[in-house]
Structure formats: C-alpha cells, structure tokens
Amino acid sequence: MASAKQQRIDPKKLPAKKAGGSKSGRPGGRPPGVAPVHKATAADWIAGARLRTIPLAIAPVALGTATAYTLGDGEWHWVRALLCLAVAVFLQIAVNYANDYSDGVRGTDKRRVGPPRLTGSGAATPRTVLTVALVFFVLAALAGGALIYLSQQWWLLAVGAACIIAAWFYTGGKKPYGYFGLGEVFVFVFFGLVATAGTTYVQAGTVNLETWIAGTAAGLLACATLMINNIRDLSQDKLVGKRTLAVLIGNFPARIVYVLLLSVPFLLLIFFVLFYENAGYVYFALLAAGPAILIGITGKTAADMIIGLRLTTLTAFVFGVGLAWAIAF
C-alpha cells in the first residue's frame, strides 16, 4: 500500500495545461479548426424528411383519385384514397431518410453544397437514421397492406414489394442504381406511372387513357425535380464517384433535359384541355415553371438551384392537384 506521502500529489508538479486547451473530452483535445458536432434536434429530423418533396407524392395520388372518380359510379372512395396518400408520403419520407443513411455512410455527402444531412454531418448516428428510414418503410407497408385488403387485389403485394426494394436500392446496397444514372427511371416509373395508376386501380378496379397520360406528366415533373437537384450537386457528385444522369451527360445537356422534363407535361395537358373544360386553368402552373426553367438554364450557384428546385416542386404540386380538380369537376 502507498504511504501517505506517496499518495499526496503536488499540484505544482502537474503538467501545465496548454493555452486554449479543449474541453471536448478527447485525448489531446479537438483538432484545431474542427467545430464541435451538432447533435440533431427535432428541427433537423424534420429537415431530414425533406418535406419539400412531399408534393411529388401528393400529385400522382390526386390525379389517380380524380380519374378513379370518373371511372366509378360518381362516388369518392375516401378511405382508399387516404391510404394511397399514406403509402406515397411514407414511402417518400422513407426514401429520403434511406438516401441520407446510404450517402452518409459512403461519404458521398462530405462535399455536398446543399442543406447538411443527418448522417453526413454527424448530427445523428447512421444506425439511428437507418432505423427511422425502416420505420417509415414499415408504415408504408402497413398502409399498403390495408389498401390491398380492402381492394382484395392480392397481386399488388408484389407491386408494393417492388416499390420498397426500388426505394432502398436507389442509393443503398453495393451497386445502387442511382449511382449509375438510373435514378430518373425509378422516379418516373414509381412516382409517376405506378403511383397514379395504382391509385386509380385500387379505387375503380381499372385504369383508362387519362390515368396513363396524367401519370406520365407526374413522373416527368418528379424527374425534373431530381434532375435540377443533381445539377446543383454535379461537381461534388463527380468527385465522390456518384454517377447521376447529370454527371454522365454533363452540365449543359443536363440543363436541356431538365427543361424538357419540365415542359413536356404542359404539352400533354393539351389532351385534357380538349376533353375537360377546366383543364386550361392548369396552365397557371407556368407561373412557377417559367422562372424554374430560366434558373435551370442560367443558374450558376447552389443557391440558384435550390430556388429552382423549390419552384419545380411547386409546379408539380399545382399541376397535379390542379389537373385532378379539372378532371373531377
């Protein structure tokens, strides 16, 4: 046992602390110039859900419900419509969190110029972000299961499974297809055609030409949203090896494709103008689409592209909900 003398510690003989020493608790202190990690707040989690993308989920459901109304007996199937909306919204949020997780653990978000992500910024642990993503996938599956039970269309289980698988492997897995220029294909098929036609089918038991044209328009607008987002991140994605369509075809061609994706739905709208008297009012969506196109062509900074992104999602929402109203009324 140490003696009383050995147990005494002379403060004067302790190593002096360096000026500006860290209180971080890390051995040696926090490296110079490295800011403390900000822990995720409720506002950060809400931001991580990327609620500005929710209009992309609402538009096809509104369109599908409207065409189902015209195909049916003039009766609204509100429970099924709301379940379709729940599936679309939960799946959209799940995709957003899954992308946050997958891009974060790959290091893709280290150079991003847009809003910081939960995983990439270190504000939340990868496991926590993944858990939240899985929770929303489960919620989407439960809503979809209820919808299938009500419609008795059991083969739609395969469609639902395909949606979840496609959502995960967009940026997840060893070879995510979003890293090989195929993101727009997924968005067009699942957030355009499948979402619109699926909504119509579970309510009316069939689909018509209007369903497919409306779904095509919704899919193109969703693709335009993804494209301008990827134009913003083009140089950073190229550095980290994320080969989006914008990276593969280059900056200027990507801008041209964006303009086409945002413009073609208004050409498709001519079909509805011929048969639905209120469809012409949907052209008011050009008030948002016009400035978005201008930014898409001339925008230079990330801030410019963020404004263009917001205008694009606004266009998708106004176009989808407006056309749904025109079809139904």
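FYI, it's all coordinate maths here, none of it is from the lab. Just so we're clear, the structure is a prediction, and the values are computed from it rather than from any experiment. Methodologically, a virtual Cβ is constructed for each residue, glycine included, from the backbone with ideal geometry; neighbour enumeration extends over all protein chains shown.
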Subject >> Gyration tensor (Cα) of segment 115-256, equivalent ellipsoid semi-axes in angstrom >> reply: 30, 22, 11
**OP:** Write down, largest first, the equivalent ellipsoid semi-axes of segment 186-329 in whole Å, where each equals the square root of 5 times an eigenvalue of the alpha-carbon gyration tensor.
**Re:** 29, 17, 11
**OP:** Let me know the charge dipole size of segment 55-185 about its Cα centre in debye, to the nearest 20, where only the beta-carbon of Lys, Arg (+1) and Asp, Glu (-1) is charged.
**Re:** 660 debye
Subject >> Mean ellipticity per residue at 222 nm, deg cm²/dmol - from DSSP H runs of n ≥ 4 across the chain, formula -39500 (n - 2.57) >> reply: -21500 deg cm²/dmol
Subject >> segment 239-306: trypsin sites (Lys or Arg not before Pro) in DSSP loop, at most 12 other beta carbons within 10 Å >> reply: LYS300
**OP:** For segment 34-94 and segment 182-245, write down the distance between their C-alpha centroids in whole Å.
**Re:** 14 Å
Original post:
Given 5 Å bins starting at zero, what is the percent of C-alpha pairs of segment 70-146 in each, up to the one with the largest pair distance?
Top reply: 3, 16, 20, 16, 12, 10, 8, 6, 4, 4, 1
Original post:
What is the magnitude of the charge dipole of the chain about its Cα centre, with +1 placed on the Cβ of each Lys and Arg, -1 on the Cβ of each Asp and Glu, and no other charges, expressed in debye to the nearest 20?
Top reply: 2800 debye
Subject >> Residue-by-residue Karplus 3J(HN,Hα) for segment 192-200, coefficients 6.51, -1.76, 1.60, Hz, glycine and proline x >> reply: x, 5, 5, 5, 6, 5, x, 4, 5
**OP:** Note the listed values [x] 49, 47, 40; [y] 67, 46, 31; [z] 98, 48, 32, then indicate which one is Cα extents along the principal axes in Å calculated from this particular structure.
**Re:** [z]
Original post:
Which distance in nm do the two modelled labels at ILE256 and TYR283 give, with both placed 7 Å along the Cα-to-Cβ direction?
Top reply: 2.7 nm
Original post:
Which order, highest average first, do 208-215, 155-162 follow once you tally other Cβ atoms within 10 Å for each residue and take the mean per peptide?
Top reply: 208-215, 155-162
